[in-house]
């Protein structure tokens, strides 16, 4: 089931200099820690002068759509899915 959320989230990132990649590896949301197991995709878009990075990541049981606002460096979780039909 896909759930639209749009809430602040704490994201811990790593930068891999060999591949020139940045990726979240741990999320803290709603009082729980979620270890990221895979980065499913990443893209950017602009809204006016503000650049946003969108990451789709998967944990053991959930998938998250995360958005990083590069103007203020705030993270939000926009969607969560458990992969099950509604």
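The values are calculated or read from the model by the stated rules, or taken from the named source; none is laboratory data. Please read these numbers as outputs of a predicted model, since none were measured by experiment. So basically every Cβ, Gly included, is an ideal-geometry build from the backbone, and we count neighbours across all protein chains shown.
The residues on offer are 72, 33, 47, and the sole one that is within 17 Å of residue 9 (Cβ to Cβ) and either in contact with a helix residue (DSSP H, G or I) (Cβ under 9 Å, 6 or more places away or on another chain) or surrounded by fewer than 11 Cβ atoms within 10 Å (Cβ to Cβ) (or both) is 72. Residue 12 passes every criterion in (1) surrounded by fewer than 10 Cβ atoms within 10 Å (Cβ to Cβ); (2) more than 25 Å from residue 1 (Cβ to Cβ); (3) modelled with pLDDT of 95 or more apart from (1). Every test in (1) over 12 Å from the mean Cα position of the chain (by Cα); (2) closer than 12 Å to residue 5 by Cβ is passed by residue 65 save one, and that test is (1). Pairs linking a residue in segment 28-53 that is over 20 Å from residue 7 (Cβ atoms) to a residue that is assigned to a loop (DSSP other than H, G, I, E, B), with Cβ atoms under 9 Å and 6 or more positions apart or on different chains, are 37/59; 37/60; 38/59; 44/70; 49/71; 51/70; 51/71. When segment 50-60 is limited to residues that are surrounded by 14 or more Cβ atoms within 10 Å (Cβ to Cβ) and not in a loop (DSSP other than H, G, I, E, B), the one that is farthest from the chain's Cα centre (by Cα) turns out to be 52.
Taken together, the residues in segment 1-49 that are touching a strand residue (DSSP E or B) at 6+ places or on another chain (Cβ under 7 Å), under 21 Å from residue 69 (Cβ atoms) and not in a strand (DSSP E or B) amount to 2. Here residue 86 meets each of (1) at pLDDT below 95; (2) under 15 Å from the mean Cα position of the chain (by Cα) with one exception, condition (2).
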